[in-house]
1. Residues in the range 61-89 that are open to solvent by 30 Å² or more (accessible area, probe 1.4 Å), among the small types (Gly, Ala, Ser) and under 10 Å from the mean Cα position of the chain (by Cα): how many?
2. Would you be able to say whether some residue in the range 135-142 is under 18 Å from residue 157 (Cα atoms) and open to solvent by 10 Å² or more (accessible area, probe 1.4 Å)?
3. Scan (1) part of a helix (DSSP H, G or I); (2) out of contact with any Cys (no Cβ under 8 Å at 6 or more places or on another chain); (3) closer than 23 Å to residue 129 by Cβ; (4) at pLDDT 95 or above for the single condition residue 48 breaks and write down its number.
4. If you take the residues of the range 117-126 that are of a type in the set (Gly, Ala, Ser) and crowded, with 23+ Cβ neighbours inside 10 Å, which of them is farthest from residue 152 (Cα to Cα)?
5. Name the residues in the range 146-161 that are in contact (Cβ under 8 Å) with a residue 60 or more places away in the chain and open to solvent by 30 Å² or more (accessible area, probe 1.4 Å), would you?
6. Suppose the filter is in contact with a helix residue (DSSP H, G or I) (Cβ under 9 Å, 6 or more places away or on another chain) and within 22 Å of residue 68 (Cα to Cα); does residue 136 pass it?
7. For residues in the range 143-178 being outside any helix (DSSP H, G or I) and within 17 Å of residue 69 (Cα to Cα), which is modelled with the lowest pLDDT?
8. Filter the range 90-116 for residues that are open to solvent by less than 50 Å² (accessible area, probe 1.4 Å), closer than 18 Å to residue 53 by Cβ and either in a helix (DSSP H, G or I) or modelled with pLDDT of 95 or more (or both) and give the result.
Amino acid sequence: TSYGLSYLYICEKSRERVLNFRKLRYPREGMPIFPKEENYIMTKKAALHNLGCKVNAYETEAMQQLLEQAGYEIVPFGEKADLYIVNTCSVTNIADRKSRQMLHRAKKMNPDAVVAAAGCYVQSAGQELLQDGAVDILIGNNEKENLPEILRAWEEEHAAAHIRDLTHEKEYERLSLS
């Protein structure tokens, strides 16, 4: 059929009441301007940034897949998002500084967003990061596979730190790509 499509931009509300705009298509003119609430598209946006080695690149890609499976829309790191994840590095002092800079940049882009630090810098400076107002969630190296559960815990009770002492670990994380 040859219906003229009219576009209506509606505003949706996330848990943090961050405004995102989505297009809703209506097949013909004359449909209601304000659709019923159950017709609203409620997707959260997530942005990921990787610092460091090839292992971090692999793990960042795996975390992206976990977020997509959980219903997040992945956007470039420079765009406004509801969740920012920085997979950090701590191999040098410069890597530490870059990790802190990216975490602060994420919070500056959207102060209402949840900022999660993951990776090696979290393992080495977790207590310092708990005091940093720019970081909401800490995800240690062996906890990345639990990302959806960690985000649910944050939404329910604001559980911030998810770090295991790796000095006694005998088993590697089971994080995989499909």
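1. So the answer is 0.
2. yes
3. Here residue 48 meets the rest and fails (1).
4. 119
5. 155
6. Considered against the rule, which asks whether it is in contact with a helix residue (DSSP H, G or I) (Cβ under 9 Å, 6 or more places away or on another chain) and within 22 Å of residue 68 (Cα to Cα), residue 136 comes out as yes.
7. 174
8. Matches in the range 90-116: 95, 96, 99, 102.
The values are calculated or read from the model by the stated rules, or taken from the named source; none is laboratory data. Because the structure is a prediction, the values reported are computed rather than measured. Every residue, glycine among them, receives a Cβ derived from its backbone with ideal geometry; neighbour counts consider all protein chains shown. Only protein heavy atoms, including side chains, enter the accessible area calculation; ligands, DNA and RNA are left aside. Shrake-Rupley method; radii C 1.70, N 1.55, O 1.52, S 1.80 Å.
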